[in-house]
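Here is the structure we will look at.
Coordinate-derived values only; no laboratory data. Given the structure is predicted, the values throughout are model-derived calculations rather than measurements. Reconstructed Cβ throughout: ideal geometry from the backbone, glycine too, with neighbour counts over all protein chains shown.
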Amino acid sequence: MISVLTPSNLNFLNSINQTQTQLNNVQNELSSGLSVSQPSDAPDQVSAILQLHANIQQNQELTQNLTLVQGQAQTADSSLGTGITLLDQVMTLATEGLSTSATASSRATAASQVAGLMQEMVGISNTEVDGQYIFSGANTTSPSYQYDASSPTGVDRLQISNSAQQAQDSSGQTFAVAATANQIFDQRDSSDAPTANNVFAAMNAVRVALQNNDSTSLQTALSSVQTASTYLNTQQGFYGNVEDRITTALSDASTQNVSLQTDLSSRQDADETQAIVQMQQYTTTLQAAIAAEAKMPTTTLFNDLPG
């Protein structure tokens, strides 16, 4: 038998389907926490939401990079502080070597001690963080120096790198976050000759003067170490400024992230209180409609005709 739906039956079914769809949408909002989970939910918001997701991802990557270079800058700062202490020890040995009680033997012993301090300084120039040589510029997989007592500067230069590492803040500005071992420990002029700021050359000059029992050269070498120490202090100051800049950049990135997340939330997150109220309303409407339909008479005029 073919059942024919009346117009009122069709209207009822359409209303039920529409209300059920609205109820399903609200339930999806509550379960997912999103009022916009697909383009059809809010076509006018899709472009803005996608752009916000991209901006948030970019900001997170920027934060990760800043956190990485922050750790490197902190290590560099600490390492250069140790280097300054080594230079202080070299100056002490040089001063003792200039005393009237110094002998050729005591100076030779001091020369050996300076050689040990030089090897420690070379180790600082080859400082690693997470397997990367932080003073090696662009070539972070290789050290820059090795100790060599026969060299005029007391070291062998294994590579030359003038490429300073850069970082970017949330405004898009870039800034230098590192210097190279060539710049810090082995400063040279345009003819590649060591300058007065050359840390390795100054330390080696003290070692050689002590070894040669040469008090005149030792006095000059002591002055050179003092100059190199002042220079190394300025290099440590550079890293102190870098740490401050990174701290500010991380703070700005955090503020930016909160702003982006807030904007995204206002565009796509569900209003839980409103959604619960709507779900209750739709549920009540469905129950009332089904109950009312059940009470509707199902007889027609045909039921009153004789059999």
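Proximity of backbone amide H atoms, modeled 1.01 Å from N, is registered between Gln146 and Asp156, Leu158 at under 5 Å, excluding neighbours fewer than 5 places apart on the same chain. Taking every alpha-carbon pair under 8 Å whose residues sit at least 6 apart, the range 181-245 reaches a relative contact order of 28 percent. Close amide H contacts of Arg188 (hydrogens built in the peptide plane, cut-off under 5 Å, sequence separation of 5 or more or a different chain): Thr195. Packing-based ranking of 139-150, 75-86 yields 75-86, 139-150, ordered from highest to lowest mean Cβ neighbour count within 10 Å.
Here the calculated FRET efficiency for Ser223 and Ser259, from their Cβ-Cβ distance with R0 = 45 Å, stands at 0.25, rounded to the nearest 0.05. Highest mean first, the peptides 101-108, 130-137 sorted by other C-beta atoms within 10 Å per residue fall in the order 130-137, 101-108.
Here the calculated FRET efficiency for Asn139 and Thr234, from their Cβ-Cβ distance with R0 = 25 Å, stands at 0.55, rounded to the nearest 0.05. Note on Ala48 and Ser266: the model spin-label points, each 7 Å out from Cα along the C-beta direction, lie 0.8 nm apart.
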